[in-house]
Structure formats: C-alpha cells, structure tokens
C-alpha cells in the first residue's frame, strides 16, 4: 500500500459501476407511442369476430346485453355490410385497406397456385433462405429467409401514421406478419404457431386406437406407462439447418403416482405437478437447432387422465412473445414489452383449439376452459391498453365469439344434424354466454373511457348454421366441367390427384372459390380467354344458382358471384372467377377446398364444426354499433375505414372506396 | 458445522444489509471487489513474488531476443525453449496461491448461491416441493404429513416416485413473507422455509439438507435435518433469476468471476502485487 | 456455368453412355442433368405436398 487512491480514480470506478447498473434497466424501456401530440381525438374500436346482428338483437331484446343497449342509446345500430365472401381474412382486409378484395388481393383463406392447382394460404408467404451452404449434415443460410404479408394496399394505421396520428392495433386479423409501421401493432388471425402451422396440438395416450387415424390440426402419440413413468417427445419446428429437415424435438418424462391422480412433468430444466384434469398454464420450451441457434415457444399441458388410461394434451406451441422466432409486432420489441407486462400469452392467430374438440381430444368443457384462458388474457390486456389510451385510435380484437359459434351452433339449433339433447342441456347456452361476455367487455371499456371518445363496436360477418355440405368439385365433375382420368372413380384424395386437366374446364379451391382452367393462366389451361371463358362462367354461375337440394327443396346457393361484376381495383385478375354465396344452412364440404372430391355432392354435416359464415354476403352481415348517430343506411366494412380517416381529419386516398358513416 | 454455517452466513448478511432493496448489481459489485481484494491478499502472501517477477522478466527478455534475432533460427529456437521454461516456472509459482485460494473462494461461492442463485416466489406463483429420501428408502413406506402455514397452500396430494426416491407436492404462494412449512412423520417434525416476494437481494435457502458433512457444506442456509429421519434433502424449486446486462440474462457465477478478476487485476498495481 | 466433377462407378458410367446415346441425348451431361432434375423435382413436390396438408389442416374450416 503506497499511494493513496486518487479521487479522480475513485470517481472513475464508481462511474463504471453506475453505468453498469444503468445498462440493466435498458430492457425496461418502453417503446414510445408514435406521434403522441398530434391529435386530441380518440377512437376506440372493439372487433368481435363473427358477432351476428340477429342474435345480438334477440338477446338484447331479452335484456341480456345491457352495455350494447346503452351504447346504442348514445348512437345507433346497423347491420354492417361484409365482404364477398364473408370470410374473416377477406372481411378484415376490406376494413384494413378500405377497399373490396379487388383492392387488397385477399379473396379467400386459401388461394390456388396457378403453377400446379394446389391450395396455398392467401395471407402470408414464407420464403426460406435461398442461399445456403452445406457443411456435413448442416445447412447454413447465407441470406435469411423472410415472411411476407400478401395483403396489398395501405393499412389505415399506416395512413394515420403519415399524418402523425397514433394508433395501437391489437391482434388485427389478416395482419401477419404485421405490415411495417411505427405504430404499436400486434398480429392476429393468420399468425402461425412455432411450427408454422395453423394448429398442431399433441396428444399422448396409452389408448391411441380410440382416436381417428387421420386428424387435422394435431397428432396422436401412443405412449406406454412403464414403472409409473411415461417417456415421450414434444416435436418442434422442422430444423432447416439440417439436411432432410428433421423435426427438432424435446424429450420429456411424466412421473405418475401409483395411487393418487397426480403426475409430474419434467421437461428441459423445469418440473411441474398436475392433478388429473388440470391445466399447467404457460410453459416455455426451447428447441435447439444448431449450437448457436434455438427457438423459443410457449405451450400448455393438460393432464386429461392418469388412470386407467394415461392421456396428456399439449397445446400448439405458440411463438414466444418474449423472444419471437417470427415477426409478431411493430415495433419488433413491442411483443417482448407486452410479455414483460403480462407474462406469456397466446400469440397464435386463432388460439382456441377447435381441432382438438372436433377430433374428440378435448371435450366441450375442456375446450371452453382453454378458450376461457384466451378470453381472460384478452380482458387483462384490453384493460391495460385502455389505461394507456390517451390519444388517437385503439383497435382491439376478440376471437372467442367466432370460435364458439363455429363449435356450439349444433347445440343451439334442434334441427342441426349434430344436435345432441344431453350436450345441449349443458352447453346450449355457450353462444348466448359469449355474447354476454362480449357485452361485459364492452361495458368495462365504456366505464374506462371518457365521454369524448368515439366508440365503435363491429364484427366482420354474421353467423348461420352449417347443416349441409356441398362438394363443389364433385358437382363440377357430375356436371361435366371437371374430368377424371378414371371416369369410374367416385371419390379422390386432396390436391386433384386424378384430374385429367386436358379435359377439365373448372375446379374449386378454397372455401368459396371456383376457377376456370384458363389457357395461359393455369398450368394446363384449356379454356380460352375472352368470350369462351365469359360464356362458360355465366353458364356455370347460372347452373349453380339453380341447383336445388333434393332433401330440403331449397337452393344451395343464393348467389354465384362473378368476380368481375363484384370486385374493383388492381387485383381483380387474381380473384377466383366465381365466388360461391351459399344459402342459409349450407357450406362447402370439408374436402373440396383442398381439391378433393367427396362421393356425394350434398351431405349432412354431423361434425362439431357446426356454425359457419360462407354464405351470400347479403345474409351474413356483421354488426355496427357506435356512440354517435350513424347516418349511413347500409354501411359496409370499407366505410369504417373512410370514417376513421374522416374523424381524424385525414383526406381519404383515392383508391379507398368507402364513405364516412357519421 | 451448522454453527460455522450460521456464523459465516452472518458475515454475508451484514455485508449485503445496505443493498437488500437495491438492484442485485450493487451487492454483486461489492462482494466481487471484496473477493478480488482477498484474492490479491492471498496471492501476495502465499506466492513467491520475487520468483514470479524474475520469471516474467525472463519471458520478456526472451521475447525481445526473438524479435531481434528473428532471422537466426538457432537463437530463435533457443529463445522459444527459454520462454517455455520460464512459463512453466511462472505457473509453478502461482500454483500454490491458487490452491490456497480454492478454499475461501469455494466457501464464498456457496454463500453467494443463497443470495444470487434463486428468486423468491411471487404471490400466486406455484413451485414444486421435493423430499428426497436416502439410498434404500422407499417413499411408500413413509407417511409424511405436511402442514402449510397461512401464506402457502399445498395443492396436490403427495406424488411418490419410487425410482427417484422422491415425494413431491405442488405449493402455491398466497402471501408475502418467509413462511415455515412443518412436516410431521411419526413423532418427529421438522420445518422448511419458503420465501415469497422478498427483496431482490435476499438470502433464500432452497435446500434443507441432511447432516452429512458435504450436504451441510453445500447447503448452509438452513439447519440440517436429523440423521435418523432418513431424508437426504427437502427442496423448494425456486426460479433461477440470472443477472440482467443489456437485456441479456447471465448466470451470476460468470458475473462474479468476471468482476472479481477485473477488480483483482485492476488493483494489483495499486497493492503492488505481482501476478 | 461452373464445372464440377463427379465420380461414377465404371460399369454405371458405361450404361449411362449407352442409354444416353440410345435415347437420343446429345451428350452424357445432358442425360445426367435431365435425370437429376427429374428426381429432384419429385422429391421437392412430395415434400411440399406433405407440408401443405399439414399446414392447411389446422384450419378448422377444412379437414
């Protein structure tokens, strides 16, 4: 010890320490809302997917929807014109872009690839790294791949941003990946799980035989209980870093108590205990791909049964918002910010596991328990967003209204082929209850906002029963427009395996789409453009509209819309040539959208997926409620876009087709 | 052993007392500084300082030789040989202080694990409570009753796993505080503490261990279990916090070693220690 | 176009020469290129077919 410590040196050391501490708080920084000071106007929009005007009216008149009644008392209620066809990605895109599908290019959940007639997702395209190098068994990307949102046109929050008006857009459907913006946005319907799928539950059971073999939206894994232990694997995303792209997977063990109905799951470095019929809440799992690369996901475990048969359900692995492997939000750090505030939450576009209910993996009660988690999360997050809402626009989306109507319509409607009196006694009010839940969400929001805030409640389409299914491709075959290589074949698999394209004039892909096999457009097209095609389109459309269901005596389709009659804008050429508008009670069959032919054109729908909205736009309008008088007589989705711009004093761009409703 | 653990643990409680409510970085920086100083002290007093200095000078000299005679193969090779020898000598001089240092550093690490290794439970959070039996014991031959205090609920029946010699329960934290769960078995009873929503820098004993020497050495946070119980450990599985730097989570051990080495090297000139 | 050499078994190479000539290819390279392209297309197709089915099937509207 010779020299005393210099004062300056001491300062230097302590500064070092302080800056180290300052570093720690970095991740607490909150991303600033864009353009804070630009407006004192506030607009709150609540989007309840699939809320039906008729049902709303019925339950409102019975006094079951007090908040709706209160809001209507301050303004008005209208049926809201939906899109052709009334599918969510199409309808919400009408709202986002302020156009009809000809302006935004989304015509259906599923489009066809003209190169091979195959179905493709309409909303987003994942392009893998084009340049890769191979090192032994590894495939390393030199340039990263990308995910692209295929919706065209500007989103209204992008227009608002140009005028410095802040907007927070929460779980807007058809916005995956979220379009570039400085606004706070979080993607919604269309967002895949970590595997890139719409849904992929896992079901581990010692009794795999009781499940159908080919199930959609998940997989069944046979397991054995050996020494009170179950060993299995949780499959993850395809490992694109490896040759042959094997699935990444995580091993896990489940330890069972030999007497008590309780088990411990040990996966990666975590352990948790579940009683029979208990949900685990969110668990984080990490799949390692190569030594320096791993992806993080979140999933829920449900211990359905310990004995006599072991049954464990694991939900789709959602993209982890704390460390998103795929883009979920703008700014990109917003997802992690939300995770920090609320913990893990559902990021998959449609979080409810309708596939598991449809395939008897989860029963009605279990399905609802999980969807209640979705609702609960949404409510907490909405409350918080409302607390932060001080300027501009806030859009918030709820999916449960749509999902529960799809699955429980059969118990609301005694005439439905899948009606079950026993189940109806227990679950007959599920749809009514979700409307009342929507009402309470609205009520809480109304209590939280000030009186100057404009409140708009909307849905993208209504709902009706799905009692009879129509196989478009089978109909086309029976009417001679679609020809098989083997004319005696009664049914085919997916993706048109038996089609003789050299003699086929038309085919169906997607939930409402019919395409002409046009020369120069489709891979093996035979119908010439111009009069030849025009006559064919009119002929098929007429026949479709005249087609009557022999069982009911009703027309199957109210409308067969000819694309160029109903669409306008730069992308009309990409539309299906005819868009089916079904009559009430009818919908496309489950197989036809993927290029399959069922044996019969018409069949009863005995599935749990029993309510739907693929009909003519005229009979499937959504709802519009606002706390300002609505002057428009027949407002439509794109009119709301014009309304938003008008409220904030932004001039409407020329390609937007709507008019303000106020 | 418990008396030593309690007393040694007390020192850390006093050192950390002023920093308990602050970010754990403050406590970490202080303890790394103290450890760095301790390491310097040990090095200075147990190493051959003169020998180290000579060895280092020799290395420098031969490095110079290498540069000056880089075209002369013979001289270069010889210089390489000398550098190697001096290096070995240098290493042998520092071996002794390293060996001496292991003991106190290990004891410090064990204590620090109580402070930085675990995060207390949040109210509402669940955790696994795990009893591990000694070799040869079977969880089905033992009926242990568990009595949770008001701030903790036990949500599941006992889960007995023979192959792991384990009995597990799921706890849920209901209230803030350091709670004591009581286990009863035949006429015996013993406590286990559970920490809920403590300060960010808090001493948390995850494991209550058996009274064997090594178990006690590595788990100094709670009074050991009585030998005759046949229980190896009782553990509450707490979340591991990690330390946050630029938004990255880093294990506290890495932070600790990095900081104490930085402090040690930074201050070696000041204390005239040759390393 | 870059050139890469590959090794083929002699007896296989003889067959390749023979059939390339018989099927009217202008060169052995052209024949091999054509075969490989055909095989690769097959693999790529079946991969994406599986992928399409897996991805689309999670959508409740179809099965």
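What to note about this one:
- Nearest 10 degrees, 0 to 90: helix B:49-68 Cα axis against chain B principal axis: 50
- Fewest-first ordering of A:194, A:495, B:259 by other beta carbons within 10 Å of each residue's beta carbon gives A:495, B:259, A:194.
- Relative to the longest principal axis of the Cα atoms of chain B, the long axis of helix B:2-16 lies at roughly 70 degrees.
- Spacing of the two label points (7 Å from each Cα toward its C-beta) at residue B:253 and residue B:10, in nm: 3.0
- Counted by neighbouring Cβ atoms within 10 Å, the residues A:299, C:35 run from fewest to most as C:35, A:299.
- Computed FRET value (nearest 0.05) for residue A:286 with residue A:360, which takes r as the C-beta separation and R₀ as 30 Å: 0.45
- Per-q log10 I(q)/I(0), the range A:430-550, q = 0.09, 0.20, 0.21, 0.23 Å⁻¹ (Debye; single scatterer per alpha-carbon; no solvent): -0.47, -1.18, -1.27, -1.42
- Projected onto planes of every orientation and averaged, the convex hull of the alpha-carbon atoms in the range B:43-134 covers 12.2 nm².
- Relative contact order of chain A, pairs being alpha-carbon contacts under 8 Å that are 6 or more residues apart, as %: 23
- Short-range pairs are left out: with C-alpha atoms under 8 Å and at least six residues apart, the relative contact order of the range A:195-325 is 22 percent.
- Label point of residue A:491 set 7 angstrom out along Cα-Cβ; within the range A:573-602, amide nitrogens under 18 Å from it belong to A:587-602.
- Model label sites at residue A:538 and residue B:61, defined 7 Å from Cα along the beta-carbon direction, differ in position by 10.8 nm.
- For the protein assembly as shown, the Cα-based Rg and Dmax, in that order, read 34.7, 108 Å.
- Applying Stokes-Einstein at 25 °C and 0.890 mPa s to the Kirkwood radius of the range A:248-335, computed over alpha-carbon pairs, gives a translational diffusion coefficient of 170 µm² s⁻¹.
- Counting only Cα atoms, the range A:467-612 measures 41, 37, 24 Å along its principal axes, largest extent leading.
- Fewest-first ranking of B:160, B:172, using other Cβ atoms within 10 Å as the exposure measure: B:172, B:160
- Most simply put, the protein assembly as shown has about 80% antiparallel DSSP beta bridges, counting only bridges with both residues inside it.
- Measuring nothing but how far apart in sequence close Cα pairs (under 8 Å, 6+ apart) lie, relative to its length, the range B:71-227 scores a relative contact order of 21 percent.
- Rg to Rh quotient for chain B, alpha carbon positions, Kirkwood Rh: 1.14
- Spatial separation of Cα centroids for the range A:176-244 and the range A:414-441, in angstrom: 29
- Solvent-free Debye scattering, log10 I(q)/I(0), computed from the Cα coordinates of the range A:195-325 at q = 0.11, 0.12, 0.17 Å⁻¹: -0.39, -0.47, -0.92
- Using alpha-carbon coordinates, inclination of helix B:73-116 to the longest axis of chain B, degrees: 20
- Expressed per residue, the C-alpha convex hull volume of the range B:126-236 stands at 101 Å³.
- Its DSSP H runs of at least 4 residues, each contributing -39,500 (n - 2.57), put the calculated 222 nm mean residue ellipticity of chain A at -7500 deg cm²/dmol, to the nearest 500.
- Dimensions of the range A:553-662 based on its C-alpha atoms, expressed as ranges along the principal axes with the largest first, amount to 56, 34, 24 Å.
- Label-to-label distance, nm, for residues given as residue B:72 and residue A:259 (7 Å Cα→Cβ offset): 8.8
Readers should treat all values here as calculations from the given coordinates under stated rules, not as data from a laboratory. Everything quoted here is computed from the prediction, not taken from an experiment. Quick reminder, even Gly has a Cβ in these numbers, built from the backbone with ideal geometry, and neighbours come from all protein chains shown.
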